[in-house]
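A.B. asks: Next up is a structure, given as structure tokens.
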Amino acid sequence: MKIHAIETGLVSVKSRQRKGVGAIGRRLNTLLDRTWTEWLPIYCWVVEHPEGIIVIDTGETARTSDPSHFPKWHPYFRFGVRMRVEPEQEVGSRIKKLGLSLNDVRWVIMTHLHTDHAGGIYHFPTSEFLVSRREYALSLGWKGKLRGYLPNCFPTWFDPKIVSYTLGEYGAFRTGYTVTKAEDVLVVPTPGHTLGHQSVIVRDGEITYFFAGDTSYSDQLMIERSIDGVSPNAKLASETIDRIHAFISGGPTVYLPSHDPQSKERMVQRIPTIVS
Ligand SMILES: [Zn+2]
């Protein structure tokens, strides 16, 4: 199995978004924070699987360099996030540069629907999108906009397949969904960063890749069991961190958050994350 890390530009958020501070005021603390993180990669992933190409998240679109792309009334987009994406960094052109055809992308698995993961959806009109029921519901309508999603930017044809977690217990996870016939690509619910967040597990021989989306901003923060500054439910986020720890302890696992500058290196070198 060949896996490619695709960096679709850069994002910077508040330091307290990357690593939450406080309990009740955690989300407010994030917004009021004046310090920014360094520019972080926006990774998405392309898996050349014998059953078809699988894309995990779609990264951000260069349209975000136009300020009118974001709703001005929303405090998060106004004060909480900065993007830097060039047109040639978008996932569509990057996949073509790999010599692959977008029409051969069979599945696009979305960890969640925040704009820096969903901005490239429009590149894949012929693929099957896999989204969790909760995530899709949360993203829609004006309530979705309040929560920080941009449903108005979803293409009109966007009609994802809702993942029904029918699998019994899988490692530390209570349930999951098997994507491939070979049963080597699975989706597991990892609520925390968003309530409908899910992660993708790819088993390749002795190694397991864990495509974490935003369950943490780096493997170090996962090791530290740190909760980010935007998770709506800290208890749920903490339970998910426990599960991921237990899963990682179960066998060599390469843990790959979307915004960890070291993710690509760990993926290429197949370096497992060690938790105690
Ligand atoms: Zn996110």
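The values are calculated or read from the model by the stated rules, or taken from the named source; none is laboratory data. Just so it is clear, the model here is predicted, and its values are computed rather than measured. In this analysis, Cβ positions are derived from the backbone assuming ideal geometry, glycine residues included, and neighbour counts consider all displayed protein chains. Keep in mind that these areas ignore ligands, DNA and RNA; they rest on the heavy atoms of the full protein, side chains included. Shrake-Rupley method; radii C 1.70, N 1.55, O 1.52, S 1.80 Å.
A.B. asks: Given the residues Ala182, Ala172, which is the only one that is modelled with pLDDT of 95 or more, more than 26 Å from Pro41 (Cα to Cα), away from the ligand (no atom under 16 Å from the Cβ) and not charged (D, E, K, R)?
C.D. replies: Ala182
A.B. asks: List pairs: first residue in segment 231-256 and in contact (Cβ under 8 Å) with a residue 24 or more places away in the chain, second residue among the β-branched types (Val, Ile, Thr) and assigned to a helix (DSSP H, G or I) anywhere in the structure, Cβ distance under 8 angstrom, at least six positions apart or on different chains.
C.D. replies: Once the first residue is in contact (Cβ under 8 Å) with a residue 24 or more places away in the chain and sits in segment 231-256, its partners that are among the β-branched types (Val, Ile, Thr) and assigned to a helix (DSSP H, G or I) give Tyr255/Ile244; Tyr255/Ile248.
A.B. asks: Considering only segment 189-201, state which residues are assigned to a loop (DSSP other than H, G, I, E, B) and of a type outside the set (Ser, Thr, Tyr).
C.D. replies: Pro191, Gly192, His193, Leu195, Gly196, His197
A.B. asks: Answer with yes or no whether Ala212 is open to solvent by 10 Å² or more (accessible area, probe 1.4 Å), among the hydrophobic types (A, V, I, L, M, F, W, C) and either within 16 Å of the ligand (Cβ to nearest atom) or more than 16 Å from Met267 (Cβ to Cβ) (or both).
C.D. replies: no
A.B. asks: Which residues, counting only those in segment 11-38, are closer than 14 Å to Ser258 by Cβ and hydrophobic (A, V, I, L, M, F, W, C)?
C.D. replies: Within segment 11-38, Val11, Val13 qualify.
A.B. asks: Within segment 202-219, track down each residue that is part of a strand (DSSP E or B) and in contact (Cβ under 8 Å) with a residue 24 or more places away in the chain.
C.D. replies: Across segment 202-219, the qualifying residues are Val202, Asp204, Ile207, Thr208, Tyr209, Phe210, Phe211, Ala212, Gly213.
A.B. asks: So, in segment 228-262, how many residues would count as being of a type in the set (Ser, Thr, Tyr) and touching a helix residue (DSSP H, G or I) at 6+ places or on another chain (Cβ under 9 Å)?
C.D. replies: The qualifying residues number 4.
A.B. asks: Looking at the structure I just gave you, is Thr8 of a type in the set (Val, Ile, Thr), crowded, with 19+ Cβ neighbours inside 10 Å and not in a strand (DSSP E or B)?
C.D. replies: The answer is no for Thr8.
A.B. asks: When you scan segment 229-264, how many residues do you find that are open to solvent by 10 Å² or more (accessible area, probe 1.4 Å) and assigned to a loop (DSSP other than H, G, I, E, B)?
C.D. replies: Total meeting the criteria: 8.
A.B. asks: Considering only segment 20-32, state which residues are touching a residue at least 40 places away in the same chain (Cβ under 8 Å) and more than 16 Å from Val81 (Cβ to Cβ).
C.D. replies: Within segment 20-32, Val21, Ala23, Arg26 qualify.
A.B. asks: Say whether the condition of being open to solvent by 50 Å² or more (accessible area, probe 1.4 Å), of a type outside the set (D, E, K, R) and out of contact with any Cys (no Cβ under 9 Å at 6 or more places or on another chain) is met by at least one residue in segment 183-199.
C.D. replies: no
A.B. asks: For the structure I just gave you, tell me whether Leu31 is part of a helix (DSSP H, G or I) and open to solvent by 40 Å² or more (accessible area, probe 1.4 Å).
C.D. replies: Answer is yes for this residue.
A.B. asks: With the checklist (1) in contact with a Lys or Arg (Cβ under 7 Å, 6 or more places away or on another chain); (2) within 16 Å of the ligand (Cβ to nearest atom); (3) under 11 Å from Tyr255 (Cα atoms) in hand, flag the one item Ile207 doesn't pass.
C.D. replies: For Ile207, the exception is condition (2).
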